[in-house]
Amino acid sequence: MVNDAVKLIECPRDAWQGLKRQIPTDLKARYLRELIAAKFKHIDAVSFVSPKAVPQMADSESVLEQIDRPPDVEIIGIVVNEKGAERAVAMPAVTTLGYPYSVSETFLRKNQNQSPEQSCKILQSIKTTADDSGRDLVVYISMAFGNPYGDPWDSEKLHATVAKIADLGIRSISLADTVGLAPPLVISRVVKSVLTKTANCEIGLHMHSRRNDAAAKVLAAYDAGCRRIDSALGGLGGCPFAQDALVGNIPTEIVMEALRERGVESPVAESLAHPLTMNLAIASEYS
């Protein structure tokens, strides 16, 4: 096997946030413990947002209080404003704040009710909070491959957005195909161009996709040089603020199969049957 490490970010937060029925707090915590037992080292676990906007994440603090995080496990908490950042850094389990930025002004309004100017100012404040508390920060660029709203998009606009974020001293940036628009060739082209123009930053991908396209997208990203990939067991989730028809996350099991085609050593346990079954059961019962 090739020792060309890929950082795999497991995303139960994204898998669950659109489910209509509330998942019990104890069940969420038990599932996160299962992921840790399965050797996941990077988990997008919760968000600290208004419970009116995302009811499923209303109990984030209570969930994390039931997690005994090992020192080598990263727990990401998504925030969209200063209040959320303060909630996140108050939780010892949270190691990293995640902030959604966007190339699309329309989506910024839909997702977090912000203008581009407001979003940039809030990001600067969150960066200060993360630095002061010793936390890391990852910024997700939503609609990084285009959008369904007709907002202007091109590679230069994306590069300018990436540069603006990097200039703030932020070293982890994840490009999000929020509505699953990008085919493999576009993913390859965009990733290569961003990596070429962005030094000293970790560039990742948070892709949404139909299952039949997922492996090709993963391989396109990997072959273009991406070594940070977000996924969710079962391919569950999607952004409830993006469009009417949710396009799920890249399935973790497909990511692992695709990486094996390149001879890449799995960053997690080889058998994910138990947590996969558990996540699919949660989605079925609480959808």
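The values are calculated or read from the model by the stated rules, or taken from the named source; none is laboratory data. What you see is a predicted model, and the numbers here were worked out from it, not measured in a lab. Glycine gets a Cβ as well: all are built from the backbone with ideal geometry, and neighbour counts include every protein chain shown.
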For this session: Can you give me the number of residues within the range 144-171 that are in contact with a strand residue (DSSP E or B) (Cβ under 8 Å, 6 or more places away or on another chain) and touching a residue at least 60 places away in the same chain (Cβ under 8 Å)?
Result: 2
For this session: Select, from Ser188, Ser125, the only residue that is surrounded by fewer than 20 Cβ atoms within 10 Å (Cβ to Cβ), part of a helix (DSSP H, G or I) and not hydrophobic (A, V, I, L, M, F, W, C).
Result: Ser125
Problem set entry | Single condition Thr277 does not satisfy, out of (1) of a type outside the set (D, E, K, R); (2) crowded, with 16+ Cβ neighbours inside 10 Å; (3) more than 19 Å from Ser102 (Cα to Cα); (4) modelled with pLDDT of 95 or more | (2)
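If you go through the range 208-237 one residue at a time, how many are closer than 24 Å to Ile36 by Cβ and not in a helix (DSSP H, G or I)?
Total satisfying the criteria: 8.
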Exercise. Quick check: is even one residue across the range 176-184 buried (at least 23 other Cβ atoms within 10 Å of the Cβ) and either among the charged types (D, E, K, R) or within 20 Å of Arg87 (Cβ to Cβ) (or both)?
Worked result: yes
Exercise. Being touching a strand residue (DSSP E or B) at 6+ places or on another chain (Cβ under 6 Å), among the basic types (Lys, Arg) and surrounded by 23 or more Cβ atoms within 10 Å (Cβ to Cβ), is that true of even one residue in the range 222-241?
Worked result: no
For this session: Run down Arg135, Arg227 and say which single residue is among the basic types (Lys, Arg) and under 23 Å from Ile254 (Cβ atoms).
Result: Arg227
For this session: Give the residues of the range 240-266 that are in contact with a Pro (Cβ under 9 Å, 6 or more places away or on another chain) and either modelled with pLDDT under 85 or small (Gly, Ala, Ser) (or both), sorted by residue number.
Result: Ala242, Gln243, Leu246
Exercise. Can we say Lys157 is under 18 Å from Gly84 (Cβ atoms) and among the charged types (D, E, K, R)?
Worked result: no
